[in-house]
Amino acid sequence: GLYLLQFVIEQLTGKDYETIAQERVFKPLGMASTSQLWQSRFEDQVCYGHNADGQPYELMRWKEASGGGSMSTTLQDFTRFYAAFI
């Protein structure tokens with residue numbers, strides 16, 4: 001459903017999902033370290049999740065924005081996002 005919603009929003013606005021997210025969510029909330037696309041500037045801010053064996057999960061470096069989960073963010077930016085959401 002999220003992929004379909006992304007498609008519809010892109011068609012209605014004539015903009016790609018990353019541009020929409022930046023204009024409507026990330027910039028208004030002051031989320032300067034957040035993107036739907038991987039940014040090389042994020043490399044030194046990565047926190048890896050680990051599985052039950054203590055092995056780090058592979059980091060997805062998204063080249064295409066995905067409404068289904070391509071957002072890269074920091075704890076500070078996510079806190080801003082979540083506070084606005086609730």
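The values are calculated or read from the model by the stated rules, or taken from the named source; none is laboratory data. These figures come from a predicted structure and were not determined experimentally. Note that each Cβ is placed from the backbone with ideal geometry, even for glycine, and that neighbours are counted across all protein chains shown. Ligands, DNA and RNA are excluded from the accessible area calculation, which covers all protein heavy atoms including side chains. Shrake-Rupley method; radii C 1.70, N 1.55, O 1.52, S 1.80 Å.
Assess whether residue 71 counts as being surrounded by 11 or more Cβ atoms within 10 Å (Cβ to Cβ) and touching a strand residue (DSSP E or B) at 6+ places or on another chain (Cβ under 8 Å). It is true that residue 71 is surrounded by 11 or more Cβ atoms within 10 Å (Cβ to Cβ) and touching a strand residue (DSSP E or B) at 6+ places or on another chain (Cβ under 8 Å).
Exactly one residue out of 63, 27, 15 is without any contact (Cβ under 8 Å) to a residue 60 or more places away in the chain, over 20 Å from residue 2 (Cβ atoms) and open to solvent by 40 Å² or more (accessible area, probe 1.4 Å), and it is 27.
Regarding residue 33, is this residue polar (S, T, N, Q) and surrounded by 12 or more Cβ atoms within 10 Å (Cβ to Cβ)? Here the answer is yes, as residue 33 does meet what is asked.
Please give the number of the condition residue 82 fails out of (1) in contact (Cβ under 8 Å) with a residue 12 or more places away in the chain; (2) surrounded by fewer than 12 Cβ atoms within 10 Å (Cβ to Cβ); (3) of a type outside the set (Gly, Ala, Ser). It fails just one condition, (1).
Every condition in (1) part of a loop (DSSP other than H, G, I, E, B); (2) without any contact (Cβ under 8 Å) to a residue 40 or more places away in the chain; (3) out of contact with any Lys or Arg (no Cβ under 9 Å at 6 or more places or on another chain); (4) among the aliphatic types (A, V, I, L, M) holds for residue 32 except the one numbered (2).
Listed here are the residues, each with its yes/no results for (1) exposed (fewer than 10 other Cβ atoms within 10 Å of the Cβ); (2) assigned to a loop (DSSP other than H, G, I, E, B); (3) under 11 Å from the mean Cα position of the chain (by Cα).
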residue	(1), (2), (3)
20	no, no, no
38	no, yes, yes
43	no, no, no
58	yes, yes, no
